[in-house]
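Note sheet for the following structure.
The values are calculated or read from the model by the stated rules, or taken from the named source; none is laboratory data. Note that the coordinates shown come from a computational prediction; the quantities given were computed from them, not determined experimentally. Positions of Cβ are generated from backbone atoms using ideal geometry, with glycine treated the same way; all protein chains shown enter the neighbour counts. Just the protein is used for accessible areas: all its heavy atoms, side chains included, with ligands, DNA and RNA removed. Shrake-Rupley method; radii C 1.70, N 1.55, O 1.52, S 1.80 Å.
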Amino acid sequence: MHSQLHASARMLFRWAMGIFLVTIVIGVLNGLDLWSPSRELLLTHVHAGTLGWITMAVVGVAILMFGDGADEKGAKTGAMMAKTVMWTTVLYVVTFATTTGILRPIAGTLMLIAIVLALVWVAGRYRASEKTVPGLAMYLAMVSLTIGAVLGVLLGLFIANGSLPGMDNDMAGSLAGAHPPAMLVGYLMLAGAAVAEFFLNDRAVRTSESKLGVSVAWILFLAGLLFNVAFIADVEALIQVATLLELAGIVIFIVRMRSHLAPSAWSGGGTRIYGQMSVLWLAIGMAIFVYLVQLFISGQIDPEAGEGLGILIAFDHAMFVGVMTNALLMAFASTMAFDGVQKAIVWGTNVGLVGFLIGLVAESAAVKRVSTAVLGAALLLAAWTFMMNKESASAA
């Protein structure tokens with residue numbers, strides 16, 4: 001890989017981990033009930049996690065995926081794109097933490113521009129590179145991210161102004177409300193599958209070698225689009241169709257990854273366990289999501305009225321921590337020995353997350369607090385370990 005792209009990926013990983021500390025600290029203090037953050041800081045927790053940690057690191061993985069074979073022009077463009085993503089993401093997180101009103105959608109617009117630049121670079125490199133299944137999934141995930149970012153800017157404008165120019169409030173509210181599902185389902189599930197497969201397989205499977213792999217990428221992408229349309233048009237039947245499509249895609253993906261989940265694969269040890277956990281959490285997250293959708297469709301819960309928030313937050317964290325954080329920690333850990341510290345990180349993260357979700361769904365404050373302490377300690381240890389190690393994420 002070109003040295004500029006290698007350095008750009010490393011830069012994104014390290015800045016992503018630095019911003020991840022913001023998410024961890026807010027989450028731990030809130031989960032332990034030691035502090036009740038304002039709504040603004042809770043949104044900072046969410047966006048620092050989704051964009052500052054996950055998306056910045058995902059762009060770093062995209063550089064690793066598509067960086068081989070890039071010429072001098074492609075490397076320079078990629079390095080410029082990486083710096084733009086880094087600085088706009090930092091600005092975006094700071095803006096969310098310190099301001100309200102119109103400044104947020106302004107920062108969101110700058111973030112959208114950076115995401116579009118990343119998509120354009122990935123699209124160009126995808127066309128010029130050997131076509132692989134994780135490469136296709138990453139390309140489509142970046143398209144989904146861009147759609148989610150557009151909806152996010154609209155949401156920010158709607159919150160700041162109470163309306164969107166040229167639209168009635170019902171349509172504006174529907175467009176703005178489609179942002180969370182676009183990011184959670186359309187983007188994160190597809191990106192999680194792409195990153196996990198990229199790091200788990202010793203050789204990236206070509207699209208010509210796996211029709212199932214290609215179908216998974218397109219099924220998850222199309223399911224995400226259907227969710228967007230369903231929430232914008234407020235068609236419950238379409239939500240059910242999209243859910244079934246998403247479920248089919250995840251099931252096929254698990255079948256494709258079954259060799260990594262076999263008992264013999266777990267006994268091998270090593271940092272691959274992060275990727276295995278990510279795949280496992282995709283299945284768990286999908287199960288929670290199907291349950292959540294059925295409760296919503298049947299009218300048993302109404303998230304807008306504050307009903308079912310525990311299950312909704314459980315799904316969020318299954319995706320943010322279970323799927324994406326496990327997959328991305330593999331990028332950091334892949335150049336390091338799987339020692340006692342690594343074992344403490346992976347098991348503390350995943351056992352703590354299981355307990356945290358149980359505490360949320362069962363509405364048990366005691367279980368939630370104990371699990372938060374375990375999960376938070378493991379993630380803080382991960383941040384410290386990887387940021388202090390000069391080789392981590394340098395050649396992931």
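Couple of notes before you dig in:
- As a fraction of the 1.4 Å probe accessible area of the chain, surface on carbon and sulfur atoms comes out at 66 percent.
- With R₀ set to 45 Å, the beta-carbon distance separating GLU209 from LEU43 gives a calculated FRET efficiency near 0.60.
- Restraint check, LYS76/LYS211; LYS211/LYS368; LYS76/LYS131; LYS83/LYS343, Cα-Cα greater than 31 Å: LYS76/LYS211; LYS211/LYS368; LYS83/LYS343
- Label-point gap, in nm, between ALA128 and LEU222 - each point 7 angstrom along Cα→Cβ: 3.1 nm
- Average accessible surface for segment 339-393: 48 Å² per residue, computed with a 1.4 Å probe over protein heavy atoms with every protein chain in place.
- Residues of segment 80-107 with amide N under 15 Å of the 7 Å Cα→Cβ point at SER163: none
- Long hydrophobic helices in the chain, taken as whole DSSP H segments with a C-alpha length of 27 Å or more on their own axis and mean Kyte-Doolittle hydropathy at least -0.5: 3-31, 72-98, 103-128, 133-161, 211-233, 236-256, 272-297, 340-362, 365-388.
- Theoretical ellipticity at 222 nm over the chain - DSSP helices of four or more residues, -39500 (n - 2.57) apiece, nearest 500: -25000 deg cm²/dmol
- Entry note, the chain: relative contact order of 17 percent, from Cα contacts under 8 Å with a spacing of 6+ residues.
- Database remark: amide H of THR132 closer than 5 angstrom to the amide H of THR207 (H placed geometrically; neighbours at sequence offset of 5 or more, or on other chains; Pro and chain starts carry no H).
- Theoretical gain in end-to-end length, ASP33 to ALA365 [0.36 nm per residue, Cα-Cα removed]: 118.7 nm
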